[in-house]
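Reviewing the structure listed below.
The values are calculated or read from the model by the stated rules, or taken from the named source; none is laboratory data. None of these values were measured; they are calculated from a predicted model. Cβ sites come from the backbone with ideal geometry, for glycine too, and all protein chains shown count toward neighbours. In case anyone asks, the SASA skips ligands and DNA or RNA and just uses the protein heavy atoms, side chains included. Shrake-Rupley method; radii C 1.70, N 1.55, O 1.52, S 1.80 Å.
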Amino acid sequence: MKINKTMYWISTALLCLLMSYSAAMYFTSTEMIKGFFESFNYPTYIVIPLAVLKVLGIIMILWRKSTWLTEWAYSGFFFDLVLATAAHHYAGHGVVGFSLYGLILIFPSYFLGKKIRD
């Protein structure tokens with residue numbers, strides 16, 4: 001059980017750091033991020049709300065008091081990472097990047113977290 005808990009916290013910490021970095025970039029380099037969103041044909045008005053939601057998702061995953069909100073945070077991160085990976089792929093940037101790393105990290109974080117809590 002100790003190895004599961006250690007793997008959970010490592011994957012969760014890395015996932016939260018990745019999302020924190022992403023949210024920080026959205027807040028500090030908004031114009032650059034809006035340029036990326038335009039190249040992906042995504043609306044640019046969602047940049048700041050998406051950054052706020054990423055911060056709230058990190059809080060919910062680390063707080064873990066509400067199972068319902070934690071599930072929503074994980075699902076939001078999952079869809080964000082899938083769409084980001086697909087957008088980068090279709091824009092010709094390749095699949096390997098932070099969004100793919102996030103997808104790899106979200107699975108052990110989610111499933112080990114469920115196993116530890118149950």
I'd like the full set of residues that are under 15 Å from residue 57 (Cα atoms) and open to solvent by 50 Å² or more (accessible area, probe 1.4 Å), limited to the range 21-46. 21
Of (1) over 30 Å from residue 3 (Cβ atoms); (2) out of contact with any helix residue (DSSP H, G or I) (no Cβ under 9 Å at 6 or more places or on another chain); (3) not in a helix (DSSP H, G or I), residue 65 fails just (1)
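Take residue 106 and decide whether it is without any contact (Cβ under 8 Å) to a residue 60 or more places away in the chain, closer than 20 Å to residue 5 by Cα and either open to solvent by 60 Å² or more (accessible area, probe 1.4 Å) or within 12 Å of the chain's Cα centre (by Cα) (or both).
No.
What tally of residues in the range 39-69 results from selecting those that are hydroxyl-bearing (Ser, Thr, Tyr), touching a residue at least 12 places away in the same chain (Cβ under 8 Å) and closer than 23 Å to residue 106 by Cα?
We begin by selecting, within the range 39-69, every residue hydroxyl-bearing (Ser, Thr, Tyr); these are 39, 42, 44-45, 66-67.
Those left that are additionally touching a residue at least 12 places away in the same chain (Cβ under 8 Å): 39, 42, 67.
So of that shortlist, the ones also closer than 23 Å to residue 106 by Cα come out as 67.
The number of residues fulfilling the criteria is 1.
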Residues in the range 20-38: is at least one in contact with a helix residue (DSSP H, G or I) (Cβ under 8 Å, 6 or more places away or on another chain) and within 15 Å of residue 109 (Cβ to Cβ)? yes
Answer residue from the range 1-20, given it is under 14 Å from the mean Cα position of the chain (by Cα) and touching a residue at least 24 places away in the same chain (Cβ under 8 Å) and is most open to solvent (accessible area, probe 1.4 Å) among those: 14
Looking only at the range 73-103, which residues are under 23 Å from residue 6 (Cα atoms), open to solvent by 40 Å² or more (accessible area, probe 1.4 Å) and of a type in the set (A, V, I, L, M, F, W, C)? 78, 98, 100
